[in-house]
Amino acid sequence: MTALSFALPATRRREAPRRILAVTRLHFVNKFQILVLPLIILGTIFVLNLAIWYIIIESTGGPTPQNLAHTHLGYSGAVSYIFVYAMVIAIQAISRTFPFSLGFGVTRRDFYLGSALAFFVLSLGFAVVLTIMSVLEIATGGWGVGGRMFAPVYFTNPFWLLRFVMYLCAFLFLLFIGCAAAAMFVRWRATGLTAFFVIIAVVLVGAIAYFTLDHQWSVVGTWLAASGPLGVTLWTLVPTAVAGVAGFFILRRATPRN
Amino acid sequence: MTTVVEVAGLTKRFGKFTAVDDASFSVKENTIYGLLGRNGAGKTTMMQLLTGQQFATAGSIRVFGESPVENAAVLGKICFIKESQAYPEEFKPKHVFASAPWFFENWDAEFARRLIAEFRVPLGRRMKKLSRGQLSAVGVIVGLASRAPLTFFDEPYLGLDAVARQIFYDRLLEDFAEHPRTVILSTHLIDEVSALLDHVIVINDGRIIIDEEADTLRGSATTITGTKTAVDRFVGQRAVLHRDVPGGLSSVTIEKLDADERRVALAAGLELGPVSLQQLVVRKTSIPETEFGAQS
């Protein structure tokens, strides 16, 4: 056979970061969808919450210290929306952007590494926004009315860094679980995903059975108390990392189908 | 002439179904190939194998001298435009064209801009709201403007109207002349692209049944028409590709004739006609003629 005139670039090692970053940028090219829209929705939820808090406080005698002390505007879980949104972004990034990227001549490896970087950047960004809002929330005494939305846990804890780490870990956990689940879907379709959820359910029921039948729940309680909120948060990095690594190997042998 | 793709004994099975069956061929540099065949013949699977999207069951694939599977150096030179391309959720054409230059080093933004205007692609409309033709146009524009050394078009123009298809053929040929590269095009519209193709590979039931220069192929068969007796006498033991019986006459497609044979045929009062690429492919990929011959 004829010799090939196409010399493959000798600089391919130096090329890798460029290709991985291109995939990361690809995830952010639709800025509105991935950054602007979730923040608009979060902002809207916040403003509506704020309005309701003011209505309650005003109708119960205004924001006097006594009234605020008696009216507990409990945590509504309003921020959970953005966590779900982030997870959906990860699922779509794998299920839709993967087959698209392959057409652009991207390897599965570069796609996955670029996507993982995008998930990290996104987690960081969302965690920063939520942390800043929580700092403001605490500094303003719950926006002047004792409202809680961004600093739900350990409201009085002055260490913003703790909240930041918890938010970051929560986003990373959800994004990489979503990523691994989507990778399973791309590789094995609905059958694989169903099998996976069945296995998870069996493991969970098994664990519940073990702790209940052996009267071991106190062990779990002790562990949670001993680990503390930061400890428990940091432990989520284990399943996050497992999902991240598993997703890589699952996608490595996946083939795009339409 | 250098070889860009080298395939030997390539087989791909999905369970019991064999999509590609012991295929061997090579693709030369700076040539436009037509990968032709019926639906389900294995064209898309073949392209997915060559671009590392599918994993081969057996056989070897060399693209730019290396296996394409997970090979960034090889895949970086490839652009694969699929008819049924999935796009990221909520993507608009502008997002596709904004990100394409990050992946194709030869991307020509000016050329892309011109094509967008010619194909009238609405840049700000969501992909899922585009018509079939507009969707195809986005793919065609990426395939042309990326100027990848090896470009695959898998049924690239579903839904494109005749004008848009002509624009595609014209721009492909123009740009190919200025920036030679290897193009592999799969299509059903064989006659339309006939003039475009340098080389034709026909795949049927996963097997390569024709691998020939387009020019050779075009002259490789002749249709002879005349009275049934005259035609039958002339055809004799020759292999018959196709037989028609239009209004008492007989029309038979047979392999290429040399000059002497043509003289004999004309002397026998037979009419000789050319066979288009499309007719040839249709005849080679439909029910084997021998069965028809036995019945008639």
| How about the stretch A:28-45: which of its residues are more than 8 Å from chain B (Cβ to nearest Cβ) and crowded, with 19+ Cβ neighbours inside 10 Å? | A:Ile34, A:Pro38, A:Leu42
| field | A:Val203 vs. criteria free of Cβ contacts under 8 Å to residues at least 60 places away in the same chain and surrounded by 10 or more Cβ atoms within 10 Å (Cβ to Cβ) | value | yes
| query | If you take the residues in the stretch A:219-248 that are surrounded by 14 or more Cβ atoms within 10 Å (Cβ to Cβ) and of a type in the set (A, V, I, L, M, F, W, C), which one is nearest to the other protein chains (Cβ to nearest Cβ)? | reply | A:Phe248
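I'd like to know if the stretch A:60-69 contains one or more residues that are aliphatic (A, V, I, L, M), closer than 23 Å to A:Gly247 by Cβ and assigned to a helix (DSSP H, G or I). Spell out the reasoning first.
So the first thing to find is which residues in the stretch A:60-69 are aliphatic (A, V, I, L, M), and the list is A:68-69.
Adding the requirement that they be closer than 23 Å to A:Gly247 by Cβ leaves none.
Within the stretch A:60-69 (the criterion being aliphatic (A, V, I, L, M), closer than 23 Å to A:Gly247 by Cβ and assigned to a helix (DSSP H, G or I)), the answer is no, since none of the residues qualifies.
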| said: Of everything in the stretch B:1-27, what is under 18 Å from the mean Cα position of the chain (by Cα) and of a type outside the set (Asp, Glu)? Give them in sequence order. | reply: B:Val4, B:Val5, B:Val7, B:Ala19, B:Val20, B:Ala23, B:Ser24, B:Phe25, B:Ser26, B:Val27
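Could you say which residue among B:Glu261, B:Glu255, B:Glu212 is of a type outside the set (Lys, Arg) and not assigned by TED's automatic domain parsing to the domain that holds B:Lys284?
Values: B:Glu261 fails: not assigned by TED's automatic domain parsing to the domain that holds B:Lys284; B:Glu255 fails: not assigned by TED's automatic domain parsing to the domain that holds B:Lys284.
Going through B:Glu261, B:Glu255, B:Glu212 in turn, just one is of a type outside the set (Lys, Arg) and not assigned by TED's automatic domain parsing to the domain that holds B:Lys284: B:Glu212.
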| query | Which one of A:Tyr210, A:Tyr167 is over 18 Å from the mean Cα position of the chain (by Cα) and of a type in the set (Ser, Thr, Tyr)? | reply | A:Tyr210
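Based on what the data block shows, is B:Ala148 modelled with pLDDT of 95 or more and more than 10 Å from chain A (Cβ to nearest Cβ)? Lay out the reasoning, then the answer.
Working: modelled with pLDDT of 95 or more: yes; more than 10 Å from chain A (Cβ to nearest Cβ): no.
So B:Ala148 does not fit the description; no.
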| field | From the options A:Ile132, A:Ile138, A:Ile94, A:Ile82, residue that is at negative phi, within 14 Å of chain B (Cβ to nearest Cβ) and part of a helix (DSSP H, G or I) | value | A:Ile94
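Among the residues of the stretch A:156-165, are any farther than 30 Å from B:Lys128 by Cβ and surrounded by 21 or more Cβ atoms within 10 Å (Cβ to Cβ)? Explain how you work it out, then say what you get.
Start the filter on the stretch A:156-165 by keeping residues that are farther than 30 Å from B:Lys128 by Cβ, which leaves A:156-165.
Then keep just the ones that are surrounded by 21 or more Cβ atoms within 10 Å (Cβ to Cβ); that gives A:163.
So far as the stretch A:156-165 goes, yes, one or more of its residues are farther than 30 Å from B:Lys128 by Cβ and surrounded by 21 or more Cβ atoms within 10 Å (Cβ to Cβ).
What residue, of B:Thr44, B:Thr2, is within 24 Å of B:Leu173 (Cα to Cα), crowded, with 19+ Cβ neighbours inside 10 Å and within 12 Å of another protein chain (Cβ to nearest Cβ)? So that I can check it myself, show each step before the final result.
Details: B:Thr2 fails: crowded, with 19+ Cβ neighbours inside 10 Å.
Criteria check complete, one pass: B:Thr44.
Residues are listed down the side, and each one gets a yes or a no for (1) free of Cβ contacts under 8 Å to residues at least 60 places away in the same chain; (2) of a type in the set (A, V, I, L, M); (3) not assigned by TED's automatic domain parsing to the domain that holds B:Glu29:
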{"position": "B:Met127", "(1), (2), (3)": "yes, yes, no"}
{"position": "B:Leu130", "(1), (2), (3)": "yes, yes, no"}
{"position": "B:Arg147", "(1), (2), (3)": "yes, no, no"}
{"position": "B:Thr151", "(1), (2), (3)": "no, no, no"}
{"position": "B:Tyr157", "(1), (2), (3)": "yes, no, no"}
{"position": "B:Asp175", "(1), (2), (3)": "no, no, no"}
| Test for B:Thr31: is it among the polar types (S, T, N, Q), within 14 Å of chain A (Cβ to nearest Cβ), surrounded by 18 or more Cβ atoms within 10 Å (Cβ to Cβ) and touching a Phe, Trp or Tyr at 6+ places or on another chain (Cβ under 9 Å) | no
| note | Subset of the stretch B:82-126, residues at the interface with another protein chain (Cβ under 7 Å from one of its Cβ atoms), under 28 Å from the mean Cα position of the chain (by Cα) and not in a helix (DSSP H, G or I), comes to B:Lys82, B:Ser84, B:Gln85, B:Ala86, B:Tyr87, B:Pro88
| task | Output the residues belonging to the stretch A:97-113 that are small (Gly, Ala, Ser) and in a helix (DSSP H, G or I). | result | A:Ser101, A:Gly103
| query | What is the residue count in the stretch A:106-134 for residues that are under 25 Å from B:Gly76 (Cα atoms) and surrounded by 18 or more Cβ atoms within 10 Å (Cβ to Cβ)? | reply | 12
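Residues of the stretch B:237-263 being outside any strand (DSSP E or B) and surrounded by fewer than 13 Cβ atoms within 10 Å (Cβ to Cβ), which ones? Walk me through how you get there before you give the answer.
Taking the stretch B:237-263 first, the residues outside any strand (DSSP E or B) are B:237-239, B:245-248, B:256-263.
Once the filter is applied, which keeps residues that are outside any strand (DSSP E or B) and surrounded by fewer than 13 Cβ atoms within 10 Å (Cβ to Cβ), the stretch B:237-263 yields B:Gln237, B:Ala239, B:Val245, B:Pro246, B:Gly247, B:Gly248, B:Asp258, B:Ala259, B:Asp260, B:Arg263.
Is it the case that the stretch B:57-75 has a residue that's assigned to a loop (DSSP other than H, G, I, E, B), surrounded by 20 or more Cβ atoms within 10 Å (Cβ to Cβ) and either in contact with a Gly (Cβ under 9 Å, 6 or more places away or on another chain) or not β-branched (Val, Ile, Thr) (or both)? Show your work before the answer.
In the first step, residues of the stretch B:57-75 are kept if they are assigned to a loop (DSSP other than H, G, I, E, B); the result is B:57, B:64-65, B:67-71.
From the residues that got through so far, the ones that are surrounded by 20 or more Cβ atoms within 10 Å (Cβ to Cβ) too are B:64, B:68.
Right, trim to either in contact with a Gly (Cβ under 9 Å, 6 or more places away or on another chain) or not β-branched (Val, Ile, Thr) (or both) and you get B:64, B:68.
Within the stretch B:57-75, one or more residues are assigned to a loop (DSSP other than H, G, I, E, B), surrounded by 20 or more Cβ atoms within 10 Å (Cβ to Cβ) and either in contact with a Gly (Cβ under 9 Å, 6 or more places away or on another chain) or not β-branched (Val, Ile, Thr) (or both).
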| What number of residues within the stretch B:165-194 satisfy the criterion of being of a type in the set (Val, Ile, Thr) and part of a strand (DSSP E or B)? | 4
| request: Taking only the stretch B:142-161 into account, find how many residues are under 18 Å from the mean Cα position of the chain (by Cα) and not in a loop (DSSP other than H, G, I, E, B). | output: 7
| query | Within the stretch B:195-222, how many residues are surrounded by fewer than 17 Cβ atoms within 10 Å (Cβ to Cβ) and either modelled with pLDDT under 90 or not in a strand (DSSP E or B) (or both)? | reply | 7
| said: Out of everything in the stretch B:162-192 that is surrounded by 14 or more Cβ atoms within 10 Å (Cβ to Cβ) and of a type in the set (S, T, N, Q), what residue ends up being nearest to the chain's Cα centre (by Cα)? | reply: B:Ser186
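The values are calculated or read from the model by the stated rules, or taken from the named source; none is laboratory data. Just so it is clear, the structure is predicted and the values come from calculations on it, not from any experiment. Backbone-built Cβ (ideal geometry, glycine too); neighbour counts: all protein chains shown.
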